[in-house]
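Chemist: Got a structure here, written out as structure tokens. Questions coming.
The values are calculated or read from the model by the stated rules, or taken from the named source; none is laboratory data. Owing to the predicted nature of the structure, the values given are computational and were not obtained by experimental measurement. No Cβ is skipped: glycine too gets one built from the backbone with ideal geometry, and neighbour counts run over all protein chains shown. Quick note on the areas: whole protein, heavy atoms, side chains included, nothing else; ligands and nucleic acids left out. Shrake-Rupley method; radii C 1.70, N 1.55, O 1.52, S 1.80 Å.
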Amino acid sequence: MDPPSRRWVRVLLAAVVVALGAMWVYVLFIGDPQSPNVLDDETWPARAEEVCASVAADLAVLPPARSFANIEPVEEALRQRAEVGAQATVLLEGQLAALRTLPAPTGEHDDELLAAWFADWDTYLQDRRDHLADWRVGQDPPFAETEADTGGPVSNRMDALATENRMPSCEVPGDLG
């Protein structure tokens with residue numbers, strides 16, 4: 001016969017195995033597989049992608065960051081880069097304004113989801129403006145994004161919604177570093 005301590009270990013291990021098995025049954029067969037970031041209205045993301053793709057094409061025409069690498073003094077390079085960043089920010093502000101004018105999605109929770117996404121865009125755009133102000137005065141700190149309430153930069157949450165709704169052009173551009 002097993003000593004009492006060994007019996008408890010076996011019972012505990014069996015309980016853990018049963019709990020893990022129950023969890024996987026729930027995840028694979030019972031739970032809702034859809035992400036909470038997916039809009040119920042499947043037509044809205046297609047309209048949004050059209051808007052964002054147009055802006056992405058305009059952004060692609062702007063000089064890339066590497067084009068300022070050999071400009072001396074560094075402060076002048078930053079000032080010129082700030083001008084290009086400001087042009088990009090104006091394009092992104094126009095994108096956000098256009099997205100806000102799209103017909104409202106019809107899904108039950110879509111309005112809440114998009115309101116949060118739009119608020120995140122507002123926050124991100126302000127972070128851009130703050131960073132560009134640093135460049136204009138010749139300072140080059142790392143681009144500091146506001147933290148989302150979920151942890152991590154706000155752009156992570158924005159990109160998750162864009163990715164999960166098949167709106168790749170609506171992801172945050174990586175032009176500021």
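Chemist: Only residues that are of a type outside the set (G, A, S), in a helix (DSSP H, G or I) and modelled with pLDDT of 85 or more: list them for region 21-59, please. Don't jump to the end; show me each part of the working.
Modeler: Within region 21-59, the first condition is being of a type outside the set (G, A, S), and the residues that meet it are 23-30, 32-34, 36-45, 47, 49-52, 55, 58-59.
With the extra rule that they be in a helix (DSSP H, G or I), the set shrinks to 23-30, 43-45, 47, 49-52, 55, 58-59.
Result: T43, W44, P45, R47, E49, E50, V51, C52, V55, D58, L59.
Chemist: Cβ-Cβ under 8 Å, sequence separation 6+ or interchain: first residue in region 46-60 and under 17 Å from T106 (Cβ atoms), partner part of a helix (DSSP H, G or I). Which pairs?
Modeler: A48/L99; A48/C170
Chemist: Follow-up. Only residues that are open to solvent by 80 Å² or more (accessible area, probe 1.4 Å) and within 26 Å of F68 (Cα to Cα): list them for region 131-177, please.
Modeler: R136, V137, Q139, D140, P142, G177
Chemist: Yes or no: region 86-106 includes at least one residue that is surrounded by fewer than 16 Cβ atoms within 10 Å (Cβ to Cβ), within 23 Å of D40 (Cβ to Cβ) and under 18 Å from the mean Cα position of the chain (by Cα).
Modeler: yes
Chemist: Residue by residue through region 61-73, note down the ones that are in a helix (DSSP H, G or I) and either open to solvent by 80 Å² or more (accessible area, probe 1.4 Å) or modelled with pLDDT of 95 or more (or both). Talk me through it step by step, then tell me what you get.
Modeler: So in region 61-73, the residues in a helix (DSSP H, G or I) come out as 61, 65-68.
Hits for region 61-73 are V61, R66.
Chemist: Check E83, E93 and return the single one that is touching a Leu at 6+ places or on another chain (Cβ under 7 Å) and not hydrophobic (A, V, I, L, M, F, W, C). Please lay out each step first, then the result.
Modeler: Numbers: E83 fails: touching a Leu at 6+ places or on another chain (Cβ under 7 Å).
Checking each option against the conditions leaves just E93.
Chemist: Considering only residues of region 166-177 that are within 12 Å of the chain's Cα centre (by Cα) and in contact (Cβ under 8 Å) with a residue 12 or more places away in the chain, which is farthest from D41 (Cα to Cα)?
Modeler: Here is the first cut: in region 166-177, the ones within 12 Å of the chain's Cα centre (by Cα) are 167-174.
Narrowing further to those that are in contact (Cβ under 8 Å) with a residue 12 or more places away in the chain: 167-173.
Details: M167: 13, P168: 17, S169: 18, C170: 17, E171: 19, V172: 22, P173: 25 Å.
Within region 166-177, the match that is farthest from D41 (Cα to Cα) is P173.
Chemist: Within region 94-115, is there a residue that is of a type outside the set (A, V, I, L, M, F, W, C), in contact with a Cys (Cβ under 7 Å, 6 or more places away or on another chain) and in contact (Cβ under 8 Å) with a residue 12 or more places away in the chain? First the steps, then the outcome.
Modeler: If we filter region 94-115 for residues that are of a type outside the set (A, V, I, L, M, F, W, C), which is where we start, we get 94-95, 100-101, 103, 105-112.
Pick out the ones that are also in contact with a Cys (Cβ under 7 Å, 6 or more places away or on another chain) and you get 95.
Now drop any that are not in contact (Cβ under 8 Å) with a residue 12 or more places away in the chain, which leaves 95.
There is at least one residue in region 94-115 that is of a type outside the set (A, V, I, L, M, F, W, C), in contact with a Cys (Cβ under 7 Å, 6 or more places away or on another chain) and in contact (Cβ under 8 Å) with a residue 12 or more places away in the chain.
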